[in-house]
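Okay, so here's the structure we're looking at.
The values are calculated or read from the model by the stated rules, or taken from the named source; none is laboratory data. All values reported here derive from a predicted model rather than from experimental measurement. No Cβ is skipped: glycine too gets one built from the backbone with ideal geometry, and neighbour counts run over all protein chains shown.
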């Protein structure tokens with residue numbers, strides 16, 4: 001049976017940074033990269049807001065740099081999905097999707113969160129080519145253009161307001177005529193002259209074209225839910241803002257998790273309610289959800305885990 005000092009479940013900026021710090025501390029590290037090695041950034045095109053890359057970098061390339069840096073110091077990637085953790089024993093016993101078991105003295109959870117999507121035709125095809133789930137990440141690319149925000153909660157209102165810093169117009173598409181968003185957020189959006197509203201409407205399809213080998217969103221096919229009529233609207237960009245789902249179902253009943261699914265950590269640390277299990281990145285961050293903050297929390301988790309191991313081994 002394989003044993004490691006630290007098992008990191010998930011990769012991405014949080015997992016790879018945790019692996020980098022832990023392996024540089026001369027600890028044995030295995031990164032279980034799961035079904036989406038590299039995390040959400042692997043389905044992102046240009047990343048221009050990660051420090052150190054003056055001219056930006058492609059998301060998959062950035063994650064490969066992270067991975068190689070962690071591997072340089074001895075971290076090992078295994079492209080497996082962890083399906084079970086026995087937290088009642090020490091060391092922890094992890095089971096993968098091949099029914100193999102691995103033991104670890106400490107576990108770092110870096111499973112991230114997944115943006116909720118509509119599932120409409122064309123959504124995946126044009127993701128990163130006009131369709132986005134993160135205004136903070138991609139808003140800059142839509143300067144002077146016309147974009148749509150899909151959703152009716154606080155996230156949609158916040159992203160619409162943010163996008164008016166760049167876009168010429170922002171149209172909020174919502175399936176009802178009332179909003180789940182707080183009253184103050186709705187009023188803020190309504191008072192912004194660059195924001196328009198398209199209510200009782202749903203996106204049926206994302207439509208685009210390919211120019212010189214590059215895909216590009218061109219318009220949205222939107223259905224009026226009252227009349228059931230479908231019309232096409234020119235769109236340079238579409239931001240899906242219907243929330244995020246943390247990838248934490250594996251830890252249900254084991255770790256303290258909030259109503260949405262985010263892992264609850266203790267104070268300004270990565271400690272969970274189970275000694276020896278630490279959480280970082282979007283699995284526990286419902287506020288920022290940025291690559292740079294995920295990387296920072298991965299650093300925290302590695303340092304917390306290293307100190308915890310030192311304390312318990314000399315107790």
(message) Checking the conditions here, which among 78, 72 is more than 18 Å from the chain's Cα centre (by Cα), surrounded by 15 or more Cβ atoms within 10 Å (Cβ to Cβ) and free of Cβ contacts under 8 Å to residues at least 60 places away in the same chain?
(response) 78
(request) For residue 234, indicate whether it is surrounded by fewer than 12 Cβ atoms within 10 Å (Cβ to Cβ), in contact with a strand residue (DSSP E or B) (Cβ under 8 Å, 6 or more places away or on another chain) and in contact (Cβ under 8 Å) with a residue 12 or more places away in the chain. (result) yes
(message) Can you tell me which residue is farthest from the chain's Cα centre (by Cα) among those in the range 13-35 that are closer than 19 Å to residue 83 by Cβ and surrounded by 17 or more Cβ atoms within 10 Å (Cβ to Cβ)?
(response) 30
(request) Give just the number: which of (1) within 19 Å of residue 278 (Cβ to Cβ); (2) modelled with pLDDT of 95 or more; (3) touching a helix residue (DSSP H, G or I) at 6+ places or on another chain (Cβ under 9 Å) does residue 39 not satisfy? (result) (2)
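Evaluate the following for residue 160: is it under 23 Å from residue 223 (Cα atoms) and touching a residue at least 12 places away in the same chain (Cβ under 8 Å)?
yes
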(request) Could you check residue 285 against (1) over 13 Å from the mean Cα position of the chain (by Cα); (2) modelled with pLDDT under 95 and say which number it fails? (result) (1)
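In the range 76-94, is there at least one residue being over 30 Å from residue 313 (Cα atoms) and either assigned by TED's automatic domain parsing to the domain that holds residue 273 or outside any strand (DSSP E or B) (or both)? Explain how you work it out, then say what you get.
Here is the first cut: in the range 76-94, the ones over 30 Å from residue 313 (Cα atoms) are none.
Checked the range 76-94: no residue is over 30 Å from residue 313 (Cα atoms) and either assigned by TED's automatic domain parsing to the domain that holds residue 273 or outside any strand (DSSP E or B) (or both).
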(message) Scan the range 295-311 and tell me whether some residue there is under 28 Å from residue 152 (Cα atoms) and in contact (Cβ under 8 Å) with a residue 12 or more places away in the chain.
(response) no
(message) Let me spell it out: the conditions are (1) assigned to a helix (DSSP H, G or I); (2) free of Cβ contacts under 8 Å to residues at least 40 places away in the same chain, and residue 250 meets all of them except one. Which number is the exception?
(response) (2)
(message) Within the range 192-205, does at least one residue satisfy the condition of being surrounded by 14 or more Cβ atoms within 10 Å (Cβ to Cβ), under 26 Å from residue 59 (Cβ atoms) and outside the structural domain of residue 290 (by TED's automatic domain parsing)?
(response) yes
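Check 112, 122, 208 and return the single one that is more than 22 Å from the chain's Cα centre (by Cα), surrounded by 15 or more Cβ atoms within 10 Å (Cβ to Cβ) and touching a residue at least 12 places away in the same chain (Cβ under 8 Å).
On the way: 112 fails: more than 22 Å from the chain's Cα centre (by Cα); 122 fails: more than 22 Å from the chain's Cα centre (by Cα).
Just a single option satisfies the conditions, and that option is 208.
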(request) Considering only residues that are assigned to a helix (DSSP H, G or I) and touching a strand residue (DSSP E or B) at 6+ places or on another chain (Cβ under 9 Å), look in the range 36-57 and name the one that is surrounded by the fewest Cβ atoms within 10 Å (Cβ to Cβ). (result) 43
(request) Select, from 104, 156, 160, the only residue that is surrounded by 17 or more Cβ atoms within 10 Å (Cβ to Cβ), in the same structural domain as residue 305 (by TED's automatic domain parsing) and on the phi < 0 side of the Ramachandran plot. (result) 104
